[in-house]
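A.B. asks: First the structure, then my questions, so here it is.
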Amino acid sequence: MGKIEVLVVAPGYPTQMAVLAERYQLHRYDLADQADKQQIIKSHGEAIRAVITTGGGGFSESLLDQLPKLEIVACGSVGFDSICVEECIKRGVAVTNTPDVLTNDVADMALMLTLATVRRLVPGMDWVRQGKWQQDGPIQLNTRIEGKRMGIIGLGRIGKAIAKRAESFGMEISYFGRRPQADVSYPYFSNLKEMANNVDILVAAVPGGSETQGMITREVLEALGEQGYFINIARGSVVDEQALVALLEAGGIKGAGLDVFVDEPNVPEALSTLDNVVLQPHCASGTHETRAAMAQLVVDNLAAHFNQKPLLTPVG
Ligand code: NAP
């Protein structure tokens, strides 16, 4: 019997990709141009039983339509808002993701962005590099982290890890979600605008998708106010990005630390010149260790599926 055929929409860490290439017949959709993509589907669409993708690579209903023998979509990210999960489940196609293994790295990124934004790390570095220290003397003072109030939108795995870190810096935590959590002692807000009004730093850690699309509105950001900071390690889609940029430009909020954007890898032009933002290219989980662990979950979920064992991290 030939190897099981797998479509690679987006690859994972190289070590695990090598393992997958040994076990399965991989079709590198990710490396193909448009014509080759069509050819792959034409020649192998009827035989493909698994898809490997990521949050960035996604998986669309139109591609699902062309894979009648598909059994599993193994997503190498925790966020699955770019994958047609409902449709997959409706058609009996399993979906897996990579929870937990990336939590600490993403929380580290949230704290790094918080510290860098509030303590103005990048302007400080520019001050040294551009010789302003010698020319103009000491840089302007910035703001203390200790004692600041952090409001976390989405106190899940990552949100809780952010809270733990922020507490160790002496910050006060509160959170917003769809419901209060029984085992959590932080103050809960059922109204996002009200929480924004009561914190200094607002951090987004919710999943993307239609339910959370644009939930951080202009009104919410205005409630955060002129002394407030916004940190986003969730998805660009959760915030009104145009309003965010306009408020950053006008001083309507003090600063922002952003790892995610609406139209990645395109970032609003204004963000490249503002000095009250810290930007990262959606790389909160981007360490060798974590990316390898995420890719290992893809390997292990596929192995479990094809050996008729329970999936390790199923979605839905
Ligand atoms: P999680 O454990 O499922 O936590 C998500 C939290 O969001 C839950 O506490 C949930 O609380 C809340 N939530 C869900 N839907 C909501 C809604 N409609 N309104 C308000 N709150 C809602 O997920 P996680 O592992 O922490 O990951 C969170 C997200 O981080 C991922 O989905 C992904 O988008 C993002 N992420 C980004 C990166 C990056 O590289 N920047 C890396 C990893 C993950 P309730 O159910 O109580 O409402």
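A.B. asks: Mind listing whichever residues of the range 205-236 are in contact (Cβ under 8 Å) with a residue 60 or more places away in the chain, near the ligand (Cβ under 9 Å from one of its atoms) and farther than 17 Å from Ala116 by Cβ?
C.D. replies: Scanning the range 205-236 gives Ala205, Pro207, Gly208, Gly209, Met215, Ala234, Arg235.
Here is a yes/no grid of residues against (1) more than 18 Å from Gly79 (Cα to Cα); (2) within 22 Å of the chain's Cα centre (by Cα):
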| position | (1), (2) |
| --- | --- |
| Gly151 | yes, yes |
| Gly154 | no, yes |
| Lys160 | no, yes |
| Arg165 | yes, yes |
| Pro180 | yes, no |
| Leu192 | yes, yes |
| Val199 | yes, no |
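A.B. asks: Which pairs have Cβ atoms under 8 Å, sit 6 or more apart or on different chains, and link a residue in the range 264-280 that is in a strand (DSSP E or B) to one that is among the hydroxyl-bearing types (Ser, Thr, Tyr)?
C.D. replies: Note: pairs meeting the criteria are Val277/Thr117; Val278/Thr117.
A.B. asks: Moving on to the next point. Which residue pairs have Cβ atoms closer than 7 Å, lie 6 or more positions apart in sequence or on different chains, and pair a first residue in the range 179-196 that is in contact (Cβ under 8 Å) with a residue 12 or more places away in the chain with a second residue that is in a loop (DSSP other than H, G, I, E, B) and among the aliphatic types (A, V, I, L, M)?
C.D. replies: So the pair list comes out as Gln181/Leu155; Val184/Leu155; Leu192/Met215.
A.B. asks: Additional query: Could you grab me the full set of residues in the range 213-264 that are touching a strand residue (DSSP E or B) at 6+ places or on another chain (Cβ under 7 Å) and hydroxyl-bearing (Ser, Thr, Tyr)?
C.D. replies: Tyr229
Values in this text are rule-based calculations from the coordinates and carry no lab data. The structure presented is a predicted model; accordingly, all values stated were derived computationally and were not measured. Positions of Cβ are generated from backbone atoms using ideal geometry, with glycine treated the same way; all protein chains shown enter the neighbour counts.
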